[in-house]
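What follows is a set of notes on a single structure, which appears directly below.
The values are calculated or read from the model by the stated rules, or taken from the named source; none is laboratory data. Keep in mind it's a predicted model, so treat the numbers as computed, not measured. When we count neighbours, we look across all protein chains shown, and the Cβ atoms used for this are built from the backbone with ideal geometry, even at glycine.
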Amino acid sequence: MKTLTAIILSATIIMPFAAHAEMNDTEYCNALSASYRKVVGSSSSTAAGVPEAMAGCAATPKSSIPTLEKALTDQKATLPKR
């Protein structure tokens, strides 16, 4: 019984922090943009639609995320955790 109580207590304490750790769409879009800038650097070989997607992170992150994810996976880059 003590073990079950300890598990429940631990879960109760940890859960709020785990839920808070998730990024919202805007934060994730910004992380994707930063990753893309890091991978590509100042190269002139920017994929089509990427500048628009990066600019759209604040207003339309849901439509920008797929473009940035594809651009990063095309570069064989690891996507940031959500």
Item to check | Restricting the range 59-69 to residues that are under 13 Å from the mean Cα position of the chain (by Cα) and not β-branched (Val, Ile, Thr), the residue that is nearest to Ala47 (Cα to Cα) | outcome: Leu68
Checklist entry - Which one is modelled with the highest pLDDT, of the residues in the range 4-23 that are in a loop (DSSP other than H, G, I, E, B) and either surrounded by 10 or more Cβ atoms within 10 Å (Cβ to Cβ) or in contact with a His (Cβ under 9 Å, 6 or more places away or on another chain) (or both)? => result Met23
Next on the checklist: If Lys81 meets every condition in (1) surrounded by 13 or more Cβ atoms within 10 Å (Cβ to Cβ); (2) among the charged types (D, E, K, R); (3) under 13 Å from the mean Cα position of the chain (by Cα) apart from one, which number is that one?
Outcome noted: (1)
Item to check | Selection count, the range 45-63, where residues are surrounded by fewer than 19 Cβ atoms within 10 Å (Cβ to Cβ) and in contact with an Asp or Glu (Cβ under 6 Å, 6 or more places away or on another chain) | outcome: 1
